[in-house]
Each structure stands twice: as structure tokens, then as C-alpha cells.
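Trainee: Below is a structure I'd like to ask you about.
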């Protein structure tokens, strides 16, 4: 290893040992030999709280570290220890034995590394500016408007963390910031500080707490602390280890019942990302560890907005609609079978033969139903511009028990109408019941899908046409199940049309009335921005 000084002199060193940084020790070290003099030295670099406790006392250290932290800089200390040749050779021999040991290898190596930490001499204090990525401030503001509570978990000092929180607008500069700092970690002092925290949070102040105090507060009263912290506008946890980051996510999941998303960009964030319900890793200068461990990989923090407000919202809404139609598709044909059995004195006879059941579950209705995942209720730019659309999801209407009961009632009504209508209008042949009932069933399902679509795209149109054409082809191919002569008459056409209308029009009318009297927020925004998307009356 060769270094060049500002004066132009060149220094040559040989690297003898390298101790990588770890989140447990919060420092890294290196043992080098000067090629010119033969001197051996150990250099250590790490957090001020760790290196500061290992070096000889320095009067100005704490004050200077505090000044750098208040400027928003991340502080690191660099220290040095000269090693005598005899000491190093003996230490190197024991370290090599520990490295090759079969039992307790890590513990023995760590003990020998700690022997180098004693007697360190402070060389310098560094302040590293970690600039915020572009778009961090508007992203945090958008997330707050969308109803998302944001917690910042960092390993920085409290002063640095507070400065970053204010510069990123996570904490309002004009708002208060309560530092959870009990006089001691005893039970009485923690209880007193929790009472102070309750008063400050009630006044609208954000909370900043260190990892050590967080651990003590959780051990004191876990539920009480989480409830108070969740009431704060924002929470900043400083001096937080990777294990504590994952523990914070677990606490929020256990005590709030909410879904937690974690965003990180370094190896220290992997445990937190894996603990969260949704992990987002930022691939960048910190490496790819977080990105590879996450559920979603993004290039910049500002992409969180589009991932959640556009793709996340659309996935949630389309998945809920898909789930409702799967329930509807299965329950409506079950209702028809139950009604058929009831009319014919519960005889164990299948209404539709197996091939028609398979066709109904696959070709005739599957493509339109599953094409609903491509639907959009608003444009992507609109969903990203108006976070209120995402906030509306927090009410949980799309997957509520109430909506499930509504779809069950719709399925039972339509299945009963189709079955009893087919029996009432048939002309003495069982094939007529099958022809009228099954055709009305398929048409009703296709009509329901068409009325649910908010924005038509070519994939949805093709799915509807493929299903319709495949059914019409099956009608003329499967002559053993359909009366072709009867199907080609106007008598068949008006009966199918009448049954389909009776099963669909009342549902459409009720939904339309509710849609006009209480329009969804998406329709209001579409009117305000002038979009051409068509809102469905089947979207609550």
C-alpha cells in the first residue's frame, strides 16, 4: 500500500491484518508495517462513543464532537497504537491459532482483537457530510399526507440525527422535539420521563430517543411506550443497532396491528428490512446488501412515493376486486346448483356436466376476471400527485367484511334469478334449462366484469372477446349439452336476455344510486384534473 503526502513524499506500508467494520463493535482496524522504518502500528476508526472510551482522556474531544454533530456531520474518531515487534509476533502467532481453531473461534479472535484496543492514542476527529438525496423532503411530506407514519432509525449521534430530521423536514423546524433522556435508567426515572413524554406528545412534539434509552423504556413498559410514541408526529431513534432496528419494527407490528414498511440502503438495515411486512432496499453507494434482502429494490429514496402511492395502491385495489369476483364466480354457480336441487326434491343430479363446469372455471370467465388486475381507476400521475387517494385505503373498505357480505348477497340473488328463471321459462326439455341457465350465467359474469372496469385497455377487451367467442363456439360444438335448434331461435334469445337483465339491472341501479349520491374520491379527482378514465359504479 502506497500513500502520497500533501508535500509529495511517498510512504509505503504493508498490511499485516485487517479487521472489518461490524455493527457490534462499531469500529474497524488495521495493522500495518512501515516499509521504511519497520515500525508496526495498529490504527482504529469508529464511532466516537466507542473509540472515545478506548483512547486516553482528551479535554476537547466531547466538545468538538458535539459541535460537528450539531452541524449535521457524522463523526468518526481515528486512533493509533504503536506495537513492539516482540509483542506483535506473539500476538500474531496466537491470533493465527485462534483463526484456525475449531471451537470458540469467533470468541478467541475477538478477545485478541480487544488486546490491541488498549492504550490507543487519538489522532483526529472527522466530520463526514452525508448529504440527503434529492427528493427526500417532498417524499416525506407526501407520505405524511398519505397517512403514513414515518420513524427514522439511525446509528448517528442524537445531535446529528436531530439535524438530519429537521433538514429532511421529518420534524418541523417550528415544532417541538422532545429528547427522551431520563436522569438514569432506573425504574422511577424512566416512569417520570414517560410521563413527560406523554405531556409533550399531547402538545404535538416529535420524539427523539437513543437506542439505550429505547431498550430501557421497552423493558419498563413496552405497551405504554409504543402507544405514546405512535401518537407523536414523528419519532427519531438514534444510536440504534441493527438488532434494535428490527426490534422496533417488531414492536410496531405487535402493538399497533398495522403493516410496517422498512426502507434502508446498507447492511445495517438488512435485519429491519427482513422483519418488516414490506422491505424496500435502496441500491447505491452503500452496496447491494439491503437491495438483495428486500422485497423491492429501488434506486433512490424518492421512488418510495411511486412504489407505494401508485403501484402499491393499484395492486391493493385490483387484488381486492379480483378476490371479490372469484368469490362471486364460485358462489353464483353454487347457488344455481342448490336452487336446482331444491326444485327437484334434492335429487343428487348435477345441473351442468363436468366439461361445462371446467369451461366456466377456465376459458369462459377466467380471462375477463383475471384481466381486472390491469385496470386503473386513476392515472399514475394523479395517484402520485394526490396522496389523499392512498389515505382513503386506510379505511379498509375494499377488503372489509361488509363488502364481502354484499358480494355474497349479489351472488345468491343472481344465482337464484338465473336458475329459477331458467326453470320457469324452459319448454319441457332438460337441455333447455342447461342452455338458458348456462348462457345467462356466462353473460351475467361478462357484464359484471365490463361494468367494473374503470379504464379499458386492449388486454381487457381481448379477454372479454376471447371468452365470449370461445363460449359461442362451445355452444355449437358441444351439441350433446346444448339444443342447437332451440338456441338459434328468437325464443331462446329473449329468454336469456330477460334473465340476464333481471339478474343485473337491479344491482346496477342500486350501485348507480350510491355512486351518484356518494361518489368515490377517485371520481372527484378525475373531474378536477380532467382525466378521461371511467370510474366504475361497482367500486366502493
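Trainee: Please give the length that would be gained between residue 195 and residue 514 if that part of the chain were fully extended, namely 0.36 nm times their separation in residues minus their C-alpha to C-alpha distance (nm, one decimal).
Mentor: Answer, rounded to one decimal: 110.1 nm.
Trainee: Mark the label point 7 Å from the Cα of residue 184 along Cα→Cβ and return the residues of segment 201-237 whose backbone N is within less than 19 Å of it.
Mentor: What the label zone holds, given the 19 Å backbone N cut-off, is 212-221.
Trainee: Can you work out D for segment 136-301 in µm² s⁻¹ from Stokes-Einstein, where Rh is the Kirkwood radius over C-alpha pairs, the temperature is 25 °C and the viscosity is 0.890 mPa s?
Mentor: D = 152 µm²/s.
Trainee: How far is it, in nm, from the label point at residue 131 to the one at residue 358 when both lie 7 Å from their Cα along the line to the Cβ?
Mentor: Each label point lies 7 Å from its Cα, and together they span 6.5 nm.
Trainee: Quick check on packing: order 104-114, 69-79 by the mean number of other C-beta atoms within 10 Å, highest mean leading.
Mentor: Listed from highest to lowest mean packing, they are 69-79, 104-114.
Trainee: Another question, then. Need one number: nm distance between label points at residue 450 and residue 93, each 7 Å from Cα along Cα→Cβ, rounded to one decimal.
Mentor: Simple spin-label model gives 9.0 nm for this pair.
Trainee: Using packing as a proxy for protection, rank 263-276, 29-42 so that the peptide with the highest average count of other Cβ atoms within 10 Å comes first.
Mentor: 263-276, 29-42
Trainee: Further question: I'd like the per residue volume of the convex hull spanned by the Cα atoms of segment 327-467, given in cubic angstrom.
Mentor: Expressed per residue, the convex hull around the Cα atoms of segment 327-467 is 113 Å³.
Trainee: Oh, and also: With axes computed from alpha carbons, what is the tilt in degrees of helix 158-167 against the longest principal axis of the chain, rounded to the nearest 10 within 0 to 90?
Mentor: Approximately 50 degrees, to the nearest 10.
Trainee: In nm, to one decimal, how far is the modelled label at residue 43 from the one at residue 227, with both set 7 Å along Cα→Cβ?
Mentor: 5.3 nm
Trainee: Under the 0.36 nm per residue contour assumption, what length would be gained going from the current alpha-carbon distance of residue 255 and residue 316 to full extension?
Mentor: Working: separation 61, 0.36 × 61 = 21.96 nm, distance 2.34 nm.
Contour length minus the Cα-Cα distance gives 19.6 nm.
Trainee: Mind pulling up the Rg/Rh value for the chain? Radius of gyration and Kirkwood radius, both on Cα.
Mentor: A ratio of 1.17.
Trainee: Counting only C-alpha contacts under 8 Å and six or more residues apart, can you give the relative contact order of segment 207-291 as a whole percent?
Mentor: 24 percent
Trainee: If you don't mind, there's one more thing I want to ask. When the Cα atoms of segment 132-233 are enclosed in a convex hull and the volume is divided per residue, what value in Å³ results?
Mentor: About 98 Å³ per residue, rounded to a whole number.
Trainee: Here's something else I'd like to know. Tell me, rounded to the nearest percent, the portion of alpha carbon pairs in segment 231-349 spaced more than 17 Å apart.
Mentor: Tail fraction, whole percent: 68.
Trainee: Using only alpha carbon positions, build the gyration tensor of segment 392-511, then give the equivalent ellipsoid semi-axes as the square roots of 5 times its eigenvalues, largest first, whole angstrom.
Mentor: Values: eigenvalues 179, 69, 25 Å².
In descending order, the three semi-axes are 30, 19, 11 Å.
Trainee: Per residue of the chain, what 222 nm ellipticity follows from adding -39500 (n - 2.57) for every DSSP H run with n ≥ 4, rounded to the nearest 500?
Mentor: Values: 22 runs with 287 residues, N = 540.
-17000 deg cm²/dmol, from helical runs alone.
Trainee: Using a Förster distance of 41 angstrom, determine the FRET efficiency expected from the C-beta separation of residue 370 and residue 344, and round it to 0.05.
Mentor: On the way: r = 34 Å, r/R0 = 0.83.
For R0 = 41 Å, the calculated efficiency reads 0.75.
Trainee: What is the percent of Cα-Cα separations in segment 2-127 that go past 18 Å?
Mentor: The proportion of pairs with Cα distances above 18 Å equals 59 percent.
Trainee: Please list 364-372, 248-256, 154-162, 9-17 highest first by mean number of surrounding beta-carbon atoms within 10 Å per residue.
Mentor: The densest-packed peptide leads the list: 154-162, 364-372, 248-256, 9-17.
Trainee: Tilt of helix 85-99 relative to the longest C-alpha principal axis of the chain, in degrees (0 to 90, nearest 10)?
Mentor: That works out to roughly 30 degrees.
Trainee: I would also like to ask the following. Contour minus end-to-end for residue 409 and residue 115, with contour as 0.36 nm per residue of separation and end-to-end as the Cα-Cα distance? It would help to have the intermediate numbers written out before the result.
Mentor: Details: separation 294, 0.36 × 294 = 105.84 nm, distance 7.42 nm.
Gain on stretching residue 409 to residue 115: 98.4 nm.
Computed from the coordinates by the stated procedures, all read-outs in this text should not be read as laboratory data. Every value quoted in this text rests on a predicted model; they were computed, and no experiment measured them. A quick note on method: Cβ atoms are made from the backbone with ideal geometry, for glycine too, and the neighbour counts reach across all protein chains shown.
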